[in-house]
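Report on the following structure.
The values are calculated or read from the model by the stated rules, or taken from the named source; none is laboratory data. Just so it is clear, the model here is predicted, and its values are computed rather than measured. Positions of Cβ are backbone-derived with ideal geometry, glycine not excepted, and every protein chain shown enters the neighbour counts. Accessible surface is based on the protein model in full, side chains and every heavy atom, while ligands, DNA and RNA are left aside. Shrake-Rupley method; radii C 1.70, N 1.55, O 1.52, S 1.80 Å.
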Amino acid sequence: MCDQTFVAITFGPCDSCSENRPLMNLYIKTEPINYCSLCMEIMACQDLAGGETLNSLKAETESLRKRLEEERKKLHDVELEKVAEKAEALSALNLKTRRTLKGHANKVLCMDWCKDKRRMVSSSQVPAHPVFNSSQEHAVSMPTTWVMACAYAPSGCAIACGGLDNKCSVYPLSLDQNENLAAKKKSVALHTNYLSGCTFTNSDMQILTCSGDGTSALWDVESGQLLQSFHGHSADVLTLDLAPSETGNTFVSGGSDKKANIWDLRSGQNIQSFDTHESDVNCVKYYPSGDAFASASDDATCRLFDLRADREVSIYSKDSIIFGATSVDFSLSGRLLFAGYNDYTINVWDVLKGTRVAVLFGHENRVSSLKFSPDGTAFCSASWDNTLRIWA
């Protein structure tokens, strides 16, 4: 995800044996507990039947996984590229940088559009993040470096952000550019490790977050109450995306365990899981219809997963691309997939045919975030070169 590694180590009394040891944080029926490694091993072996061992159970699990994959392959009757052979080829794209936004003093890590299509918020490695329109409108100071997540509220009246402070804070916006927004901030979410992503649901009243503690969570903005927690990743959760409102109450998350998981917001259950990537999943994005999603990974590929077919249907890669993909987003029609990479470029892929149709140059460091405006007429890219670029 970045060139720095964040490690959280908890040391204290074990909830089981009460000895002061390095602790592992886990959840049992959404209740957090802290066990040392010895008590964790004892707990894992408690309910084993006669003759069973952890290794035998792992082998059985792997066998069942392979059987499921075989059943999936039986339904894999045709490739997406084969179906798309008769689709009309795309005409040449003429995309250029129309505006470069400067206001950050260091690496820009994340950005988000306002629903009004005129404003956006961005966050950076230094503890301040601007709100832009045609020029910088607000600059909010943060008590932490590496502000890795930011989001605009649907109403456009608030923004949310967080990072190494393990919190998600909400700031109400004002027309007065001189007003101290930091004085009005409200801490809504608290994780046990860094905040890696956040997004409002379809209202300003709830916010969804993901974290390096391996969990995602749904919070009430007004009270700060945890409404639902989501446990299923075995490593840092790096990214999430909420399904289009008309498709239901689900979201997708991706993490350092190389998995992308689909979750039910109401039950907290992991309803689908995809593990075909070979490295960290840095970004996930729903297809405009909500029936599929794309992912970007450090394995230098982007992939498309069909939720109805319950499988991967396309891989977007070339032998010449050796750097990881950091971000993805679809054009408004869904025909094009835009992906930002660590080699400073943005690659544009034909979703149906699986071919690259354009490469965009301009940034002078890795592209960290990429998002289309709500009306689909332009997209913005954020980079470690301290700038954001508007392309159209």
Within-12-Å neighbourhood charge of Lys285 [Cβ basis; K, R +1; D, E -1]: 0
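How do the peptides 200-207, 297-304, 279-286 rank, highest first, by the average count of neighbouring beta carbon atoms within 10 Å per residue?
The most tightly packed comes first, giving 279-286, 297-304, 200-207.
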P(r), alpha carbons of the chain - 20 Å bins starting at zero, rounded %: 27, 56, 16, 1
Amide H contacts under 5 Å for Leu109, placed H, 5+ residues apart: Ser123, Ser124, Gln125
Above-threshold pairs, the threshold being 20 Å between Cα atoms, out of Lys117/Lys184; Lys285/Lys371; Lys258/Lys285; Lys115/Lys371; Lys107/Lys318: Lys117/Lys184; Lys107/Lys318
Area accessible to solvent at Thr53, 1.4 Å probe radius, in Å²: 70 Å²
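Leaving ligands, DNA and RNA out of it, report the carbon-plus-sulfur percent of the accessible area of the chain at a 1.4 Å probe.
The computed percentage sits at 49.
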Cα gyration tensor, the stretch 303-392 - rounded (a/c under 1.5), prolate or oblate: oblate
Candidates Pro374, Pro172, Pro13, ranked by Gaussian network fluctuation over the chain, Cα under 10 Å, top entry: Pro13
DSSP loop GluC sites (Glu not before Pro) with at most 11 other Cβ within 10 Å: longest gap in the chain: 89-277
Total formal charge among the other residues, if their Cβ is under 10 angstrom from that of Lys371, Lys/Arg +1 and Asp/Glu -1: -1
Dipole magnitude (debye, nearest 20) for the chain, charges at Cβ of Lys, Arg, Asp, Glu: 1140 debye
Accessible area of Lys66 in the full protein assembly, 1.4 Å probe (Å², nearest 10): 110 Å²
The chain: calculated mean residue ellipticity at 222 nm from DSSP helix runs of at least 4, using -39500 (n - 2.57): -2500 deg cm²/dmol
Accessible area per residue, Å², the stretch 220-284 with all protein chains present, probe 1.4 Å: 41 Å²
Vicinal HN-Hα couplings computed from phi for the stretch 216-230 (Karplus, 6.51 cos²θ - 1.76 cosθ + 1.60; Hz; Gly/Pro x): 10, 8, 10, 10, 8, 5, 5, 9, x, 7, 6, 8, 7, 10, 10
Phi to ³J(HN,Hα) by Karplus 6.51 cos²θ - 1.76 cosθ + 1.60 over the stretch 320-325, Hz, x for Gly, Pro: 7, 8, 10, 9, x, 8
Overall Cα dimensions of the stretch 254-354, principal axis frame, Å, largest first: 42, 30, 19
Residues whose placed amide H lies under 5 Å from that of Gln228, excluding near-sequence neighbours: Leu218
Amide H contacts under 5 Å for Ala358, placed H, 5+ residues apart: Val348
